[in-house]
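Sending over a structure as structure tokens; questions will come in a sec.
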Amino acid sequence: MMVSRMSSGLVEPVTARDHVRGPKAAALTLVEYGDFECPYCRTAVEIVNGLQQALGDQLTFAFRHFPMRAVHPHAQHAAEVAEAAAAQGRFWDMHDRLFTGEDALDDDSLLRYARELSLDWERVREELASHSHDARIGRDQLSGTASGVASTPTFFIDGIRYDGSVSLPKMLAAIRELHPEVAVSEPLPNAPRIPRVRWTREEHP
């Protein structure tokens, strides 16, 4: 079954605190728990973009942080800089910049991205140094762990964890399983497929 219905519900529904793309009243909601240093999350961007292209205003997409610190040493600071950008109304610009395929996520590179986006990079630097947004990221992690997230990316379709192959055709099929009424724009973009990888679950604060 592509959509798991066994003890895999999203414990914290999407609210105004979430970073979302798409209309709030959309017919369906896709939530991703992701890690900016995860190569699979980087590949998943094309798949999510394909879903948004195929479904248009029928889809709301929310991104939540789940930095896998044990294997990705820069993921936490990357999440923090995304939240620092969000504090200046630019979360999605930074989200897209961090996932451009460039692997440089050290602090100097993160601040360079802030300057490239014309953010108040001194404010970003101060917030990064003081870990001002750690609590926000921790809340995302806790909600993910409680929802059964153990790897990135992990997706939830209308609050139900998606356990199938992370590919555009398979995810669209799972969405149609839940919402036979949705209309899908053709042709579909040629988005990649990524393997399902599970890391050892971390203990999050």
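The values are calculated or read from the model by the stated rules, or taken from the named source; none is laboratory data. Keep in mind that what you see is a predicted model, and the values were worked out from it rather than measured. Neighbour counts run over all protein chains shown; Cβ positions are idealised from the backbone, glycine included. All accessible areas refer to the heavy atoms of the entire protein, side chains included, with ligands and DNA or RNA removed. Shrake-Rupley method; radii C 1.70, N 1.55, O 1.52, S 1.80 Å.
Report, in degrees rounded to the nearest 10, the 0 to 90 angle that the Cα long axis of helix 134-146 makes with the longest principal axis of the chain.
30
Let me ask something else. Rounded to the nearest 500, what is the 222 nm mean residue ellipticity of the chain from helices alone, with -39500 (n - 2.57) per DSSP H run of 4+ residues and division by all residues?
-12000 deg cm²/dmol
Order of 14-26, 33-45, 86-98 by packing, highest average Cβ count within 10 Å first?
So the order, starting with the most tightly packed, is 33-45, 86-98, 14-26.
So how tilted is helix 107-116 from the main axis of the chain? Cα-based, degrees 0 to 90, rounded to 10.
On a 0 to 90 degree scale, this one is about 80.
Any idea of the accessible area per residue across the chain, 1.4 Å probe, to the nearest Å²?
45
Quickly rank 121-133, 141-153 as a protection proxy: mean count of other C-beta atoms within 10 Å, highest first.
Descending mean neighbour count gives 141-153, 121-133.
Carbon-plus-sulfur fraction of the accessible area of the chain, 1.4 Å probe, in percent?
52
Measure nothing but the geometry: give the 0 to 90° angle between the long axis through the Cα atoms of 75-86 and the longest principal axis through the Cα atoms of the chain, rounded to 10°.
With both axes taken from Cα atoms, the answer is about 90 degrees.
How big is the gap, in Å, between the Cα center of the range 100-138 and the Cα center of the range 149-177?
Going from one Cα centre to the other spans 29 Å.
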